Amino acid sequence: MSEEILMNITPMESRVALVENGVLQEIYIERACSRGIVGNIYKGKVVRVLPGMQAAFVDVGLERAAFIHASEIAPRNEKDSDDQSERPIVELVHEGQSLVVQVTKDPLGTKGARLTTHISIPARYLVLMPHNNHVGISLRIEDADERERLRKLVEEGMKDDGEEKKGGFILRTAAEGISEAEVKADILFLRRLWQTIEETVKENTAPSTIYEDLPLHLRTMRDLVDPDIEKIRIDSRETFNKVSKFVKKLVPQVDGRVEYYPGERPIFDLFGVEDEINKALSRKVQLKSGGYLIIDQTEAMTTIDVNTGAFVGHRNLEETIFKTNLEASVAIARQLRLRNLGGIIIIDFIDMEDSEHQRQVLRTYEKALEKDHAKTNITGVSDLGLVEMTRKRTRESLENVLCEPCPTCDGRGTLKTAETVCYEIFREILRAVRAYDSQSYTVLGSEQVVDRLLDEESSNVADLEEFIQKPIRFQVEPMYSQEQFDVVLV
């Protein structure tokens, strides 16, 4: 499997694309005016405690107060239980109190950022957890001997300077196969960084920013680059130089794979990324067989419907449905990554009578999800035959980053028909007749509505004029949407 990372960098915007076998799988966008804040550490002030929700709002200097739940507040000392959710929030924090917090979720829609006091700071191979002494290992490292080797390396590295300092570590997936020297280098780097953060906390007053995570192009090198990545192509000379220095220091094994792309044609156009981004904003996803998906994203959940469409198969209906569902399972896993869909996800595969077919489709889907960098959890198949799952959401979906609700339909996705608007106009005229004494009435509306009033509804207009004993005139307003109209008294 060939994997490449493409970086399109401008002063206003950074975009990173993960491409597998020439097909776009993931897209990350960071704009200068709206950079994500997940991973940032703040010194905040508690502004409101909500006992009924076991939560509190914390001012960290953002536009909206951030939100922290009792379970996300670390115990003050080791004697306290690790499970804070059972203790009343009023025993943990009080209004006006200063807290050192880290953002776990960006502000999404109308919701403020989500916070935790369980600080974690990632490096290339390790994640430092300064408030506990545990050593954890990524579940994606499956070999038992390798897990034990890495655990011993970290435990030895934690005692290397003669004294055991507080702070635990989690070994990331990228740590598989690394040397003792690389483990020690990461431990030293993270401890120095945490010492700097602690000093900054003491110097600053709340609310203030204590630590900001790396920019997108460097986070990509830290988090996404693994042995499967064959090339990292960057279209900005300045960013290429920064990435090259970062790679030599922290990821030397991929040094030879970083390339500067000097071509005149935009790098995303060359690899078809722009077209794939535009397709990912559509409700309908066409499958190669002729079937298709319908993806609807709402505030509460995302629903995905699978349809056979133009695919008629070659043998029988059950085989056609099975093949469509198999293809759809792989396509859905890709769409979740590409669109960055999170939260509750409901998938309506086409009903299959054969239980073995059902198992194969579910297995195929689970295998396709293994490539996903976000944590996913399939809860099973419901009584209605729907696949229910969750996918961890830490940042806005692609649609929310690139789009806004339509001002014409106000996000509904549909418009009232011209016929419906005509009858609304008739009712509005009758209201005006009862409330005001006027010589005549002028209706301002869109071209579609006025055309219908003068054509299909002309007999109804004549009946209305006869009923109210007043003339009605019509005028097209080019700037009006189909639903907009005004009744003017003359």
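Observations on the model:
- Test: residue in segment 235-256 that is in contact (Cβ under 8 Å) with a residue 12 or more places away in the chain, acidic (Asp, Glu) and part of a strand (DSSP E or B): no
- Breaking point among (1) polar (S, T, N, Q); (2) open to solvent by less than 30 Å² (accessible area, probe 1.4 Å); (3) out of contact with any helix residue (DSSP H, G or I) (no Cβ under 8 Å at 6 or more places or on another chain), for residue 253: (2)
- Every listed requirement among (1) closer than 26 Å to residue 395 by Cα; (2) of a type outside the set (D, E, K, R); (3) open to solvent by 70 Å² or more (accessible area, probe 1.4 Å) is met by residue 190 save one, (3).
- Evaluation of residue 470 against (1) on the phi > 0 side of the Ramachandran plot; (2) open to solvent by 40 Å² or more (accessible area, probe 1.4 Å) (one fails), failing number: (1)
- Extreme residue, modelled with the lowest pLDDT, among residues of segment 103-133 that are within 12 Å of residue 37 (Cα to Cα), open to solvent by 10 Å² or more (accessible area, probe 1.4 Å) and not hydroxyl-bearing (Ser, Thr, Tyr): 108
- So residue 140, is it assigned to a helix (DSSP H, G or I), surrounded by fewer than 19 Cβ atoms within 10 Å (Cβ to Cβ) and among the basic types (Lys, Arg): no
- The lone exception for residue 480 - which of (1) under 30 Å from residue 296 (Cβ atoms); (2) part of a helix (DSSP H, G or I); (3) without any contact (Cβ under 8 Å) to a residue 40 or more places away in the chain it fails: (2)
- Matching residues in segment 421-453 - criterion: being exposed (fewer than 12 other Cβ atoms within 10 Å of the Cβ) and more than 15 Å from residue 489 (Cβ to Cβ): 427
- Members of segment 273-296 found to be assigned to a strand (DSSP E or B), under 22 Å from residue 108 (Cα atoms) and touching a residue at least 40 places away in the same chain (Cβ under 8 Å), listed by number: 295
- Within the set 318, 353, 299, 327, the sole residue that is assigned to a loop (DSSP other than H, G, I, E, B) and farther than 30 Å from residue 108 by Cβ turns out to be 353.
- Residue that is without any contact (Cβ under 8 Å) to a residue 24 or more places away in the chain and closer than 30 Å to residue 398 by Cα, where the choices are 110, 117, 104: 110
- When the criteria are applied in full, residue 464 fails the requirement of being open to solvent by less than 60 Å² (accessible area, probe 1.4 Å) and under 30 Å from residue 30 (Cβ atoms).
- Leading residue by the ranking (nearest to residue 139 (Cα to Cα)) among those in segment 370-384 that are modelled with pLDDT under 85 and open to solvent by 40 Å² or more (accessible area, probe 1.4 Å): 373
- Flag if residue 265 is at pLDDT below 95 and part of a loop (DSSP other than H, G, I, E, B): yes
- Taking every residue in segment 144-170 that is assigned to a helix (DSSP H, G or I) and at pLDDT below 85 and pairing it with any residue that is of a type in the set (Phe, Trp, Tyr) and surrounded by 11 or more Cβ atoms within 10 Å (Cβ to Cβ), at least 6 positions away or on another chain, the pairs with Cβ-Cβ distances below 8 Å are 158/169.
- Applying a threshold of 7 Å to beta carbon distances and a minimum spacing of six or more residues, or different chains, the list of pairs starting in segment 171-190 at a residue that is free of Cβ contacts under 8 Å to residues at least 40 places away in the same chain and ending at one that is assigned to a loop (DSSP other than H, G, I, E, B) and acidic (Asp, Glu) reads 184/160.
- Among the residues of segment 230-246, those that are within 24 Å of residue 21 (Cα to Cα) and surrounded by 17 or more Cβ atoms within 10 Å (Cβ to Cβ) comprise 232, 233, 234, 235, 236, 240, 243.
- Among the candidates 181, 174, 206, the residue that is loosely packed, with under 12 Cβ neighbours inside 10 Å and on the phi < 0 side of the Ramachandran plot is uniquely 181.
- Helices (runs of 4 or more DSSP H) contained in segment 388-462 and holding at least 1 residues farther than 30 Å from residue 111 by Cα and at pLDDT 95 or above: 418-435, 447-454
- Yes/no for residue 392 being touching a helix residue (DSSP H, G or I) at 6+ places or on another chain (Cβ under 9 Å), open to solvent by 20 Å² or more (accessible area, probe 1.4 Å) and more than 20 Å from residue 288 (Cα to Cα): no
- Residue match in segment 319-332 (condition: touching an Asp or Glu at 6+ places or on another chain (Cβ under 6 Å) and either open to solvent by less than 60 Å² (accessible area, probe 1.4 Å) or closer than 30 Å to residue 404 by Cα (or both)): no
- Cβ pairs under 6 Å, 6+ apart, first in segment 45-60 and under 14 Å from residue 117 (Cβ atoms), second open to solvent by 80 Å² or more (accessible area, probe 1.4 Å): 46/95
The values are calculated or read from the model by the stated rules, or taken from the named source; none is laboratory data. These numbers were taken from a predicted model, which means no experiment stands behind them. Quick reminder, even Gly has a Cβ in these numbers, built from the backbone with ideal geometry, and neighbours come from all protein chains shown. Remember, those area values only see protein heavy atoms, side chains included, never the ligands or the DNA or RNA. Shrake-Rupley method; radii C 1.70, N 1.55, O 1.52, S 1.80 Å.
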